[in-house]
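> First the structure, which I've put down as structure tokens, then a few questions once you've had a look.
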Amino acid sequence: MRISKVLVSAEQIQDRIAALGARITEDYRGKDLLLVAVLKGAFMVMADLSRHIALPVDMDFMAVSSYGESTRTSGVVRILKDLDREISGRHVLIVEDIIDSGLTLQYLRRNLEVRRPASLEIAALLLKAGLQMTPVQVRYVGFEIPADFVIGYGLDYHGKYRNLPYVAVMEENGAAEPPVQL
Ligand code: PRP
């Protein structure tokens, strides 16, 4: 597998995140906003997006893992790290790096909704167009992308490449040299 092309540049990501942050700032002004990032991939978008939200936000983190191979079809995920605190009555915004099948978010939404937040919305940097096996209501979307295998900006290939500042396509026979050597 090799990096074949940059799909979303670092500059495009930063511009879009700034715009989403401005929208979120307006939408949640005067409200108690809790950002919830889903580890590991979302750490990068959480760090950048939160710096563009001009409100006193709180942050928490969840880590989830699939039950073996069945997740892609069943949508059952295991919570490795739950939220530190209650979310009852709070305005919760889930921050994700990418939505693929949508099953992770469907599970998380159901899991968090029973905790009675005042509101529950989703922000995702990347949405793979047309791949969702379940309808996912995503209020803030950075970019709709094709169904390619992508890495960078939090997304990994065997644990690596999360630190790339851009999102790139990885292919079995990628022709180009990696734009950045890592
Ligand atoms: C990615 C991403 C989402 C999920 C989306 O996480 O961060 O949580 O997959 O896929 P879905 O829409 O098909 O459910 P991943 O399982 O790769 O874990 P990681 O963030 O720790 O790399």
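> Residue by residue through the range 111-141, note down the ones that are part of a loop (DSSP other than H, G, I, E, B) and under 22 Å from ASP82 (Cβ atoms).
Listed by number, the residues that qualify are VAL114, ARG115, ARG116, PRO117, ALA118, VAL136.
> Across the range 1-36, which residue is farthest from GLU172 (Cα to Cα) among those that are of a type in the set (Gly, Ala, Ser) and out of contact with any Ser or Thr (no Cβ under 9 Å at 6 or more places or on another chain)?
This residue is GLY30.
> Next question. Go over the candidates ASP82, ASP58 one by one and state the one that is surrounded by fewer than 19 Cβ atoms within 10 Å (Cβ to Cβ) and touching a residue at least 24 places away in the same chain (Cβ under 8 Å).
The conditions single out ASP58.
> Determine the pairs where a residue that is more than 17 Å from ILE17 (Cα to Cα) and open to solvent by 60 Å² or more (accessible area, probe 1.4 Å), located within the range 139-168, has a partner that is modelled with pLDDT under 95 and in a loop (DSSP other than H, G, I, E, B) with Cβ atoms under 6 Å apart, the partner being 6 or more residues away or on another chain.
Filtered contacts from the range 139-168: ALA147/LEU131.
> Within the set of pairs 6+ apart or on separate chains, which have a first residue in the range 1-19 that is without any contact (Cβ under 8 Å) to a residue 40 or more places away in the chain, a second that is open to solvent by 50 Å² or more (accessible area, probe 1.4 Å), and C-beta atoms under 7 Å apart?
Sorted first by the residue in the range 1-19, then by its partner, the pairs are ALA18/HIS52.
> For residues that are under 12 Å from the mean Cα position of the chain (by Cα) and part of a helix (DSSP H, G or I), tally how many sit in the range 20-47.
Of the residues in that region, 5 qualify.
> Further question: What residue, of THR134, THR104, THR73, is within 11 Å of the ligand (Cβ to nearest atom), open to solvent by 60 Å² or more (accessible area, probe 1.4 Å) and either at pLDDT below 95 or farther than 20 Å from VAL8 by Cβ (or both)?
Residue meeting the stated conditions: THR73.
> Condition first: more than 10 Å from the ligand (Cβ to nearest atom), modelled with pLDDT of 95 or more, small (Gly, Ala, Ser) and open to solvent by 80 Å² or more (accessible area, probe 1.4 Å). Can you find one or more residues in the range 17-32 that meet it?
Within the range 17-32, one or more residues are more than 10 Å from the ligand (Cβ to nearest atom), modelled with pLDDT of 95 or more, small (Gly, Ala, Ser) and open to solvent by 80 Å² or more (accessible area, probe 1.4 Å).
> Name the residues in the range 75-96 that are of a type in the set (Lys, Arg) and within 19 Å of the chain's Cα centre (by Cα), would you?
Within the range 75-96, ARG78, LYS81 qualify.
> Does GLY41 meet the test of being within 11 Å of the ligand (Cβ to nearest atom) and in contact with a Gly (Cβ under 7 Å, 6 or more places away or on another chain)?
Yes; evaluated as a whole, the condition is true for this residue.
> What's the number of the only condition in (1) within 10 Å of the ligand (Cβ to nearest atom); (2) more than 25 Å from PRO165 (Cα to Cα); (3) assigned to a loop (DSSP other than H, G, I, E, B) that LEU80 fails to meet?
Condition not satisfied by LEU80: (3).
> Could I ask something else about it? Return only the number of the condition from (1) part of a loop (DSSP other than H, G, I, E, B); (2) within 25 Å of ASP156 (Cβ to Cβ) that ILE98 does not satisfy.
(1)
> Kindly indicate whether MET62 is closer than 29 Å to MET170 by Cα, within 12 Å of the ligand (Cβ to nearest atom) and not in a strand (DSSP E or B).
No; evaluated as a whole, the condition is false for this residue.
> Out of SER119, SER88, SER50, report the one residue that is open to solvent by 70 Å² or more (accessible area, probe 1.4 Å), of a type outside the set (A, V, I, L, M) and more than 14 Å from the ligand (Cβ to nearest atom).
Just a single option satisfies the conditions, and that option is SER88.
The values are calculated or read from the model by the stated rules, or taken from the named source; none is laboratory data. The shown structure was predicted, so the numbers you read here are calculated from the model rather than taken from an experiment. Methodologically, a virtual Cβ is constructed for each residue, glycine included, from the backbone with ideal geometry; neighbour enumeration extends over all protein chains shown. Accessible surface is based on the protein model in full, side chains and every heavy atom, while ligands, DNA and RNA are left aside. Shrake-Rupley method; radii C 1.70, N 1.55, O 1.52, S 1.80 Å.
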